[in-house]
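The structure appears below as structure tokens.
The values are calculated or read from the model by the stated rules, or taken from the named source; none is laboratory data. Worth saying up front: this structure is predicted, and the values here are computed from it rather than measured. Don't worry about glycine lacking a Cβ; one is built from the backbone with ideal geometry, like all the others, and counts go over all protein chains shown.
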Amino acid sequence: MEEVPPMTQTSSCPFAPGEQAPNLLRHGYLFLSRLRRKAGISPDANTPLRSRMLFKPVTIVRGSAGVELFYDNDRMKRDGAMPAVIRIPLFGEGAVHSLDGEEHRLRKRQLADVAYDDDKVAEFDALVRREVDRVVQDWAREPGTVYDGAALAFGRAAYRWAGIELSQKEASRRAHQMAELVYQFGHPLKGHALGWINRARLNRWALKLIRQARAGERHVAPGSALEAMSRLVGPDGELVDASIAGIELQNLTRPTVAVSLFASFAGSALVEHPEWVEKIREGGQPVAFAFAQEVRRVYPFVPMLPAIATTDTEIQGCPVHEGERVIIDIYGTNTDPNEWENPSAFQPERFLSREDLGTQEDYERLTSFVPQGGAGVYTGHRCPGEKIAMAALTAMVEALCRPGVVLSTDPADTRFPWTQMLTRSETGMRVRVER
Ligand code: HEM
């Protein structure tokens, strides 16, 4: 039996007793702030917190110092950190998310060379804008929801961008499956069952695409994600197993569909801060871009991420023992009162007034802005899809501000449960277009 270091309160480190997994399920996005309060930590302090999760000691960190520890490859690893019941349906078995060391660096470079490349992102931008236009035309014929429309538009653009040629009907079906996999996943039982079913279906589909690409039985656009993933190699220089290549192909497309959750939040933000509609019409893309960044900062999506300590270490006087989990509080870092003025207020102007912020890469240098992870894309686990996510979200924000687009102001469209992970409004934000 594994030896577990004693978990008692030390003078330097607040401690919350008891197994916390049930509380996480019960309180969702409110879990970490409640736990901190219970342990007597002031809301303004970034003090780390020790507790127990999944029957093991855990240290919960946040803020710049927390990000620094969490992304230190010499002290943290990912293998074994994320429970399999979440990891496998969400990312796929053998995915880049749980690799470490050289194997991770090599895999990540091959993924980021496609997703993080500015020319490739510009291609995606053109495709997603066309698909968003189509969805707006659909809403003129029949009212819909921002969530569903965005999932379709982003999914269709993602497949075309990745070099996966599909009929409109098939692209819509796959986008729906991917959206369901991500959103339903946080809903215990039914959502999880659906997640596993969709995961199995999508794995079979992606495996077939990779096999066809490798066998030359399918047209594969040069430079596309499909081409890059069909040629994905491991540390031995050999092609990786086709099923792993298929999983990574999904990891370059599925999360784009997930941006639809942020899109529905953007709809809520426009209803609650209607003065931004005019500002975005006047200022265009740069203003919509800042607005979209603020959506990523204050609306809840990824709540936290886990790693495992590979050595005994400490953070701000809190001991962290080798083999223990460390959790970075993503939402708490994005709204850290030490780094953000009026941290919970939705104020896109906070970004517009800064001269050091223009491109997505500028934003990725902000150590307390980690909606898609922190540190470096090539050196660590930071999401390589922020440029793509921002292209999709910005295009949708601009579209929602067009004359004639009417967002519902009903509370069922703007409110969402903070105790549910992942969350969005019950309706997904209803929208219609008046000509
Ligand atoms: C709503 C939009 C998105 C959110 C909230 C999101 C969030 C995240 C987060 C939190 C991580 C983990 C970071 C870490 O472990 O430190 C991650 C990793 C990843 N994301 Fe995203 N992401 C989004 C969109 C995208 C897009 C559009 C792509 C691809 C085009 C993408 C591809 C990936 C990949 C491949 C990884 C694994 C990176 C690694 O482990 O090295 N994501 N994402």
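Worth a mention:
- When each of Glu238, Glu278 is tested for being away from the ligand (no atom under 16 Å from the Cβ), out of contact with any Ser or Thr (no Cβ under 9 Å at 6 or more places or on another chain) and more than 30 Å from Leu207 (Cα to Cα), the lone residue that passes is Glu278.
- Every condition in (1) within 16 Å of the ligand (Cβ to nearest atom); (2) not in a strand (DSSP E or B) holds for Ala307 except the one numbered (2).
- Taken over segment 78-96, the criterion of being crowded, with 17+ Cβ neighbours inside 10 Å and either over 21 Å from Leu202 (Cα atoms) or within 10 Å of the ligand (Cβ to nearest atom) (or both) is satisfied by Arg78, Ala81, Met82, Phe91, Ala95, Val96.
- Only residues that are of a type in the set (A, V, I, L, M, F, W, C), assigned to a helix (DSSP H, G or I) and near the ligand (Cβ under 8 Å from one of its atoms) were counted across segment 252-272, and they come to 4.
- Among the residues making up segment 362-404, those that are crowded, with 22+ Cβ neighbours inside 10 Å, within 7 Å of the ligand (Cβ to nearest atom) and either without any contact (Cβ under 8 Å) to a residue 24 or more places away in the chain or part of a loop (DSSP other than H, G, I, E, B) (or both) are Gly374, His381, Pro384, Gly385.
- Among residues of segment 9-46, those that are under 14 Å from Thr419 (Cα atoms) and among the basic types (Lys, Arg), counted: 2
- Scope segment 322-338; condition in a loop (DSSP other than H, G, I, E, B) and at negative phi; matching residues: Glu322, Glu324, Thr335, Asp336, Pro337, Asn338
- On inspection, Asp356 does not qualify as crowded, with 18+ Cβ neighbours inside 10 Å and part of a loop (DSSP other than H, G, I, E, B).
- Among all positions in segment 158-170, there is at least one residue which is within 16 Å of the ligand (Cβ to nearest atom), touching a residue at least 60 places away in the same chain (Cβ under 8 Å), hydrophobic (A, V, I, L, M, F, W, C) and closer than 20 Å to Gly94 by Cβ.
- Test result for Ala140, modelled with pLDDT of 95 or more and either within 22 Å of Leu393 (Cβ to Cβ) or surrounded by fewer than 19 Cβ atoms within 10 Å (Cβ to Cβ) (or both): yes
- Test: residue in segment 119-136 that is within 19 Å of Glu324 (Cα to Cα) and not in a loop (DSSP other than H, G, I, E, B): no
- Taken together, the criteria exclude Val302 from residues that are surrounded by 19 or more Cβ atoms within 10 Å (Cβ to Cβ), within 22 Å of Asn46 (Cα to Cα) and within 16 Å of the ligand (Cβ to nearest atom).
- Residue match in segment 170-180 (condition: within 24 Å of Ile86 (Cα to Cα), out of contact with any Pro (no Cβ under 8 Å at 6 or more places or on another chain) and surrounded by fewer than 16 Cβ atoms within 10 Å (Cβ to Cβ)): yes
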